[in-house]
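Contents: one structure, followed by commentary.
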Amino acid sequence: MPNAAIYARYSTDLQREASIEDQIRLCEERAALEGLTVMDRYADHGTSGASLMRPGVQALIADALSGRFDVVIAEAMDRLSRDQEDIAGLFKRLQFAGVRLITLSEGEVSNLHVGLKGTMNALFLQDLADKTRRGLRGRVEDGMSGGGNAYGYDVVHAQNPDGTVERGARRINPREAAVVTRIFEAYAAGRSPRDVVQALNEEGVPAPSGRAWGPSTIYGNRRRGTGILNNELYVGRLVWNRLRYVKDPSSGKRVSRLNPEEAWITQPVPELRIIDDVLWERVKARQGALKARSPANPGAPGFWDRRRPRHLLTGLMTCGVCGGGMIHVSKTRIVCAAARDKRTCPNTTTMLRQDLEGLILDGLERHLMTPERTEIFSREYTEHMNRLAAEANAGRDAATAELAKIDRDLERLVEAILDGVPGSKVKDRMAELEARKAELDDKLSRTEAQTVSLHPDLGAYYRREIGRLRDLLAGAERDAEAVELVRSLIERITLTPVEREDGTTVLSADLEGSLAGILALASGRQGQAIAKTDVVKLVAGVGFEPTTFRL
């Protein structure tokens, strides 16, 4: 009996978690009627159908491509996705894997279903978004919340005479409002957001997230109205529709976009004022002065997001104690950001940036440039390229073999006709074989056999390139392309304090990524393939430790 998989999903719109079991039960009944054996059941709980970035449906796609089942059964196509592009892409993947798609609503899904139902689902989502936006605008114009809550306020739920619950009202939280006033006064007096959050964290004042305060929570983005210092609700103005959210088609995640000011909806709510106008203007004046004095503000929006990393390892370093980022505390030293800015991490050990970079570059030079290592890499590289070529040629070889078999079959049919078999009995079979032969001939004419062409002295070439890369990175004026190459090989560097035998504390660096796999392989793992997520350990003042790498 063919194998089947069942997929179920419920979102938050008028549905409940028990609907997953309801969908699965109905799909199991349909599978029994179709004579299918249910192998797996996949589900996503409380997630929108506007994106395929869901664990359940991603596991379904992966298992379908691996040939685990022959049929997918769902309640309806919109359970799999409501996005027109996503449902078409999912259907293509299932077709490629030879997996049929059956839904209780549409029956066996075809290209026609995908086109029409995908369009209907897309229109449904757009209509739903428009209605939701209209409803929210009405609430905002009545002075109610348009979604979410701001620090300094409590959400109030009131019961109407008819028994319904009225949501969206807010009232000032006196304790949090005092913190907001304190932040505004401290900033207006000249204190930096970093100093303010350090004081709040040392006193144990809860942040809006319930965790520790961070400087960005205070200064945010002035133009977008984010951050404590930019929330106009504190001066009695409710601003709505400042931002819109669109889905990134490559990741499925929502990305915010700033709307033009004429699209903003502003509603006075004097009962929610916490900060007076004088204090607000003092803060805005200081923000404007700091922006005007910034030497790195060329007037182009998004400049800081597009700049190159300042140092080789910028943005790749992580604290091994708290999991936060590591930053440059000066021009030459790095330290845990949470320890320095928030005082919430005990990892106060610093490290010279050039020491960490030196460990990595020394590993490249000392462990990759020996003749033994280059020979290993040459052999591994050659085997890898041969394997890729063999995989690419597998389909061509199969087509060539099938074509030879068709030629033999056609010869036998011709011989049968010559021996007296009526042509009417074999003409249909001959037509099928001729059609298939033409198809295979066309396929072979459009593909070429893959061959491996390697450098005549791959080992020497490799050593020269590694040496040149080391020189480019060690120079005063680093080559931008070389920097990007090394950064692309590093996924994460976790820095953890360790105590040495002499009682001093240094940072141990766990290097994770392709470069870690290369260094680990060069240190004795000659017979193993390079894993993309290998980890090697480097210790400042000690050097590369090949015995401590781990997966």
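Using modelled amide H (1.01 Å from N, peptide plane; none on Pro or chain starts), what sits under 5 Å from the amide H of Ala8, excluding residues fewer than 5 places away?
Tyr42, Ala43, Asp44
Would you mind computing the Rg to Rh ratio of region 316-365 from its alpha-carbon coordinates, Kirkwood style for Rh?
Numbers: Rg = 11.6 Å, Rh = 11.3 Å.
A ratio of 1.03.
Quick one: which residues, 5 or more positions from Leu238 or on another chain, have an amide H under 5 Å from its amide H? H modelled 1.01 Å from N in the peptide plane, none for Pro or chain starts.
Gln267, Val269
Roughly what would the spin-label model give for Asp277 and Lys331, points 7 Å off Cα along C-beta, in nm?
Distance between the two pseudo-spin positions: 4.7 nm.
Values quoted throughout were computed directly from the atomic coordinates according to the rules given, and no laboratory measurement underlies them. Keep in mind the model is a prediction, meaning the values are calculated, not measured. Here the Cβ is made from the backbone with ideal geometry for all residues, glycine too, and neighbour counts use every protein chain on show.
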